[in-house]
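**Student:** Take a look at the following structure, please.
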Amino acid sequence: MVRMEYTGLPRIKHVRAFTVRGGGADYHDQGEGHWIDDHIATPMARYPEYRQSRQSFGINALGTLVVEIEAEDGTIGFAVTTGGEPACFLVERHLARFLEGRNPAEYEKIWDQMYFSTQYYGRKGLVVNAISGVDLALWDLLGKLRGEPVHALLGGAVRDELQFYATGSRPDLAKDMGFIGGKMPLHHGPAGGIEGLRKNIAELATMRERVGPDFWLMLDCWMALDVDYATRLALAANEHGLKWIEEAISPDDYWGYAALKRNVPRGMLVTTGEHEATRWGFRMLLEMDCCDILQPDVGWCGGMTELLKISALADAHGKLVVPHGSSVYSYHFVITRHNSPFAEFLMMHPASSEVVPMFHPQLIGEPVPVNGRLRASALDKPGFGVELNRDLPMHRPYAR
């Protein structure tokens, strides 16, 4: 049997990995006074010394990973995610062997080899972050080589525009900016006791008064709660029209999520998946009936190649997929999927009072919502449609 070769695509020549600090893909790496690091409930809040700031326990320790994949004709695809220097090591010393010399259209085979070659020390977390960065850079390269946006490679847009909810400290301002809803960080967890619970509900009540009865309000609990506290929070929040309670429990506690979903008031949604990875992790969430909406981050769950599988699995279970943040990497996906009817926009302005590009300063040409919406035509440039800011001090620690 003669093996047919793809025609017209140059092979991959080089894979390079860099790290860079200061915002961008590692969006928690912000300066003092940013809402994203202001006394937000976390699993580490049980320790008083780590309660005020997430940076105090190292949420920004890794920094951004930048992956470049260069084809033989000089075309470069790239992507950014979290992972920093440890992920650079994985990309250059382990994963690159599965790409260099290969056809960029073989993304399924490349993903399979990256995942199963690292399974003995990977499966989730940092290793899958690195795989995600490589996979996204590969899709960017493929789009550029074919002269098509990634959403066209995924089957094309199913709607003319994206609509967004905003995650930040000021849902009332988000409403004025045209977003369909606002998700607030939870500020107090179990360590704050009943007084902290009252403060959470008071903050929600105040925001409901500001935005009126019909605007969506959600709470992002960032893995900080147990089933009992999350249940009490959900019951108390119900009178203030809470649309959903997000990532309330440790991502490993599938049984806790299943219990919470049974416990919350009828009509309130349970959402999670931001820190889940691969089709197998999301299969657990689906088959154990843990949530109503899956929220994979395309830069952490395994990349675009894996997100497509996660989405298909969710669709078969009648569940929505609304990816966590991730800027253009999720926009190109959401615009192509019927079970992804809206998208998240992370308000990266320190006071949540302006719409600014999420991955600034690392991406050039990053589109942002206008009046809470983004036209599909804003995503029509080849690849993911953005360029890398090469004025940043990028470091390549494991150059080959």
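Laboratory data are not the source of any read-out in this text; all were calculated from the coordinates shown. Everything numeric in this text was worked out from a predicted model, so none of it was measured. All Cβ positions, even for glycine, are placed from backbone atoms using ideal geometry, and neighbour counts span all protein chains on display.
**Student:** So, with +1 on the Cβ of K and R and -1 on the Cβ of D and E, and no other charges, what is the size of the charge dipole of the stretch 180-233 about its Cα centre, to the nearest 20 debye?
**Tutor:** Computed about the Cα centre, the dipole is about 120 debye.
**Student:** Find which of I131, W216, S340 sits farthest along the positive direction of the dipole of the chain, computed with +1 on the beta-carbon of Lys and Arg, -1 on that of Asp and Glu, about the Cα centre.
**Tutor:** Checking the options against the dipole of the chain, the answer is I131.
**Student:** Still on this structure, please answer the following. What nm value, rounded to one decimal, do you get for the distance between R123 and Y398 when each label is placed 7 Å out toward the C-beta?
**Tutor:** 2.1 nm
**Student:** Full-extension gain between K13 and D391, please, as 0.36 nm times their residue separation minus the C-alpha to C-alpha distance.
**Tutor:** Between K13 and D391, full extension yields 133.7 nm more.
**Student:** Rounded to the nearest 20 debye, what is the charge dipole size of the stretch 153-381 about its Cα centre when +1 sits on each Lys and Arg Cβ and -1 on each Asp and Glu Cβ?
**Tutor:** 380 debye
**Student:** Along the charge dipole of the stretch 144-205, pointing to its positive end and built from +1/-1 on Cβ of Lys, Arg, Asp and Glu, which listed residue (G168, L204, G147) has its Cα farthest out?
**Tutor:** Selected residue: G147.
**Student:** Toward the positive end of the charge dipole of the chain, about the Cα centre and with charges on Cβ (Lys, Arg +1; Asp, Glu -1), which of G372, Q362, V227 goes farthest?
**Tutor:** V227
**Student:** Can you give the Kirkwood hydrodynamic radius for the stretch 153-381, in Å, rounded to one decimal and based on Cα pairs?
**Tutor:** Result for the stretch 153-381 stands at 17.9 Å.
**Student:** Still on this structure, please answer the following. Around V298, under 14 Å between beta carbons, what's the net of Lys plus Arg minus Asp minus Glu among the other residues?
**Tutor:** So the environment of V298 carries a net charge of -4.
**Student:** Mind pulling the angle between the C-alpha long axis of helix 254-263 and the longest principal axis of the chain? Nearest 10 degrees, somewhere in 0 to 90.
**Tutor:** 40 degrees
**Student:** What ranking do S330, S377, S353 get, fewest neighbouring Cβ atoms within 10 angstrom at the top?
**Tutor:** So the ranking, lowest neighbour count to highest, is S377, S353, S330.
**Student:** Only four residue types carry charge here, +1 at the Cβ of Lys and Arg and -1 at the Cβ of Asp and Glu. Report the dipole size of the stretch 92-219 about the Cα centre in Debye, rounded to the nearest 20.
**Tutor:** In debye, rounded to 20, the stretch 92-219 gives about 340.
**Student:** Turning to a different aspect of this structure: Any idea what diffusion coefficient the stretch 161-247 gets from Stokes-Einstein, in µm²/s, Kirkwood Rh on alpha carbon pairs, 25 °C, 0.890 mPa s?
**Tutor:** The estimated diffusion coefficient comes to 188 µm²/s.
**Student:** Express as a percent, rounded to the nearest 5, the fraction of DSSP beta bridges in the stretch 153-381 (both residues included) that run antiparallel.
**Tutor:** Approximately 15 percent, going by the DSSP bridge assignments.
**Student:** Note the angle between two axes, namely the Cα long axis of helix 125-146 and the longest principal axis of the Cα atoms of the chain, as a number of degrees from 0 to 90, rounded to the nearest 10.
**Tutor:** The two axes meet at around 50 degrees.
**Student:** Per 0.36 nm of contour for each residue apart, how much would the distance between V368 and A61 grow if the chain were fully extended, relative to their Cα-Cα spacing?
**Tutor:** Computed gain between V368 and A61 is 107.8 nm.
**Student:** To make sure I understand, if each residue's beta carbon is the centre and we count other beta carbons within 10 Å, what order do K144, K381 fall in, fewest to most?
**Tutor:** K381, K144
**Student:** A further question follows. Provide, in order from the shortest bin, the percent of all Cα-Cα pairs of the stretch 30-153 in each 5 Å bin, continuing until the bin that contains the maximum pair distance.
**Tutor:** Over the stretch 30-153, the share of Cα pairs per 5 Å bin runs 2, 10, 18, 17, 15, 12, 9, 8, 6, 2, 0, 0 percent.
**Student:** Using only the Cα atoms, work out Rg/Rh for the chain, with Rh taken as the Kirkwood radius, to two decimals.
**Tutor:** 0.96
**Student:** What list do you get for F359, F89 if you sort them by fewest beta carbons within 10 Å?
**Tutor:** By the 10 Å Cβ count, ascending, the order reads F89, F359.
**Student:** Test of understanding: extend the Cα→C-beta vector of R102 to 7 Å, then name every residue of the stretch 49-72 with backbone N under 11 Å from that spot.
**Tutor:** Inside the label zone: nothing.
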